[in-house]
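See structure below.
Throughout, read-outs are computed from the coordinates displayed, never taken from laboratory work. Being a predicted model, the structure only gives us computed values, none of them experimental. Every residue, glycine among them, receives a Cβ derived from its backbone with ideal geometry; neighbour counts consider all protein chains shown.
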Amino acid sequence: MKLLLENWRKYLNERATDETYSEVINFIINAYSTAKNFEPPDVEKREAEWDAIAKILGSEDGWASLGLQAKDDVEKEPPEKQLVTHELMFDEERTEEIYDEMVSSIPESRSFFTYSDFYDTFFALNIKLYYVDSDGDPESETYEEKKGASTGGYYTKESDDHGLPQVAVNFGSNFFNPKISYAKFQNLKKPEIFKLLKQNKGV
């Protein structure tokens, strides 16, 4: 995740010490691996509701419990392997509090970021989590598969998904520790995601 800050050097004062710069990097990496900075309370509730509906529809009598009838003539195909199964957005309401925490603990950081710069940069940014554990394929259509497991992640100023800045983290990377399977990655819950992000700050 430290690659994230390389794209924002323009905010840094040339006279800032390496120690202060390092403190700001660490603060922001910590902010990006803390669950409360991403999830307003209603988001978690909404996801739980959708999970419950998905479980009902996935069971044999699930459709009947909703007063619906499943179509038996539709063949079920095995799900295709998807690169992205998790995406996290920063919580707008937390942005000001995070900035206040930063300038309180690192007063020199005011010379790096005004609140306006901080808000514009971090509120729009999201985290994309994907899984590629194979070697890179130069012929692949996606950047993630071209780079393969040798890439721990990357930062882009304008993602294809939303046109917004994005930090991508490869949970199948050779550098990711502990190693997890794609099946486990697909079923990660938010607490597990943030625990793994904290353990892999270097990525």
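Here are the numbers:
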| item | result |
| --- | --- |
| Relative exposure of 91, 120, judged by other C-beta atoms within 10 Å (fewest first) | 120, 91 |
| Sequence of 92, 19 once ranked by neighbouring C-beta atoms within 10 Å, starting from the fewest | 19, 92 |
| Kirkwood Rh, angstrom, the range 75-203 [1 / mean 1/r, Cα pairs] | 16.4 Å |
| Across 147/201; 128/195; 147/190; 146/195, pairs whose alpha-carbon gap is larger than 22 Å | 147/190; 146/195 |
| Packing-based exposure ordering (other Cβ within 10 Å, fewest first) of 97, 139 | 139, 97 |
| DSSP-loop trypsin sites (Lys or Arg not before Pro) across the range 110-203, with at most 14 other Cβ within 10 angstrom | 157, 179, 189, 201 |
